[in-house]
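In what follows, a structure is listed as structure tokens, so that the remarks can point back to it.
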Amino acid sequence: MSLKQVHWKLTVDEYVERNSPESWTSPLPSASQKPVPTPPPFSNFSGQAKLHIHPALTPQYALQLDFSFPSDAFRRNPQLTQNLLDAPACHPPRTSLNVRVAAGMFKWRVEVKHGTSGQPVTVGDVLTKVQSELRQYDYGKAPPEARPYMERRIETVNGYCDRRDKRIEATTVAAERQGGRFVDHLLGQTQFAGLTIQLGHPDHYWQLQLEVPPRYMYAD
């Protein structure tokens, strides 16, 4: 599809109206959305030899996260309780995980370790590492196909928060305008859709699943 044929379904004003305050991360779905399933207790998997990814990181119970939003928005997500962030990312625990990211024009392999050497990798370690890697500046490496998604990321950066001071909004937009980021190479596939064990690899090699969130959806 030619870039000239891209037509966004939502204008910036429409996006902000439909997604405030912070509904892009809200654990309480709107009437038009399916209820978010509650993951079973992770303790149910204890004692089993086969590796199990924490339910909140699996496709069935994936948290509602858009990796293209800034880190401050990421940290505001009400689903990310401290207990969840501190929980082991899998059972049996692993001190190192390898996450493959592949979507759009982008392929990358991210190694995840806990801040304290030798400690198990946590849910927070995985999500924070992936988000921070994708949010890095690409220093002009983005192909032309990524530009519309960079512009959309900038235009809708304030859509997650209601009643925000206009000066703060302007500062946030200015920060986003500093350049392209690797997340733009995903061509809109920035919504977390879970992690799966990569076929044909050891069980600490995982594949990141991604979807297109409303802020990047377009019509043919």
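The values are calculated or read from the model by the stated rules, or taken from the named source; none is laboratory data. Being a predicted model, the structure only gives us computed values, none of them experimental. Counting neighbours? That spans all protein chains shown, and the Cβs are built from the backbone with ideal geometry, glycine included.
Which one of these is at pLDDT below 90, of a type in the set (A, V, I, L, M), more than 26 Å from residue 62 (Cα to Cα) and crowded, with 18+ Cβ neighbours inside 10 Å: 175, 142?
142
Just the residues that are crowded, with 17+ Cβ neighbours inside 10 Å and either in a strand (DSSP E or B) or modelled with pLDDT under 90 (or both), please, taken from the stretch 87-103.
88, 90, 91, 97, 99, 101, 103 - these are the residues of the stretch 87-103 that are crowded, with 17+ Cβ neighbours inside 10 Å and either in a strand (DSSP E or B) or modelled with pLDDT under 90 (or both).
Would you please name the residue that is surrounded by the fewest Cβ atoms within 10 Å (Cβ to Cβ), looking only at residues in the stretch 105-125 that are aliphatic (A, V, I, L, M) and part of a loop (DSSP other than H, G, I, E, B)?
Selected residue: 105.
Would you confirm whether or not the stretch 183-196 contains a residue that is assigned to a loop (DSSP other than H, G, I, E, B) and either modelled with pLDDT under 85 or under 20 Å from residue 97 (Cα atoms) (or both)?
Taking every residue of the stretch 183-196 in turn, none turns out to be assigned to a loop (DSSP other than H, G, I, E, B) and either modelled with pLDDT under 85 or under 20 Å from residue 97 (Cα atoms) (or both).
Name, by its number, the condition in (1) at pLDDT below 65; (2) in contact with a helix residue (DSSP H, G or I) (Cβ under 8 Å, 6 or more places away or on another chain) that does not hold for residue 84.
Unmet for residue 84, out of (1) at pLDDT below 65; (2) in contact with a helix residue (DSSP H, G or I) (Cβ under 8 Å, 6 or more places away or on another chain): (1).
Residue 152 - would you say it is at pLDDT below 95, touching a helix residue (DSSP H, G or I) at 6+ places or on another chain (Cβ under 9 Å) and among the charged types (D, E, K, R)?
Spelling it out, residue 152 is indeed at pLDDT below 95, touching a helix residue (DSSP H, G or I) at 6+ places or on another chain (Cβ under 9 Å) and among the charged types (D, E, K, R).
Hey, can you tell me all the residues within the stretch 126-137 that are in a loop (DSSP other than H, G, I, E, B) and either in contact (Cβ under 8 Å) with a residue 60 or more places away in the chain or buried (at least 18 other Cβ atoms within 10 Å of the Cβ) (or both)?
135 - this is the single residue of the stretch 126-137 that is in a loop (DSSP other than H, G, I, E, B) and either in contact (Cβ under 8 Å) with a residue 60 or more places away in the chain or buried (at least 18 other Cβ atoms within 10 Å of the Cβ) (or both).
Six or more apart or on different chains, Cβ atoms under 6 Å: show the pairs whose first residue is in the stretch 79-96 and closer than 18 Å to residue 50 by Cβ and whose second is hydrophobic (A, V, I, L, M, F, W, C).
Once the first residue is closer than 18 Å to residue 50 by Cβ and sits in the stretch 79-96, its partners that are hydrophobic (A, V, I, L, M, F, W, C) give 89/121; 89/123; 89/126; 90/51; 90/53; 91/45; 94/121.
Please go through the stretch 62-83 and give me each residue that is within 26 Å of residue 153 (Cβ to Cβ) and part of a helix (DSSP H, G or I), ordered by number.
71, 72, 73, 74, 75, 76
Need the failing condition index for residue 185 against (1) surrounded by fewer than 14 Cβ atoms within 10 Å (Cβ to Cβ); (2) of a type outside the set (Lys, Arg); (3) touching an Asp or Glu at 6+ places or on another chain (Cβ under 9 Å), just the number.
So the condition that residue 185 fails would be (1).
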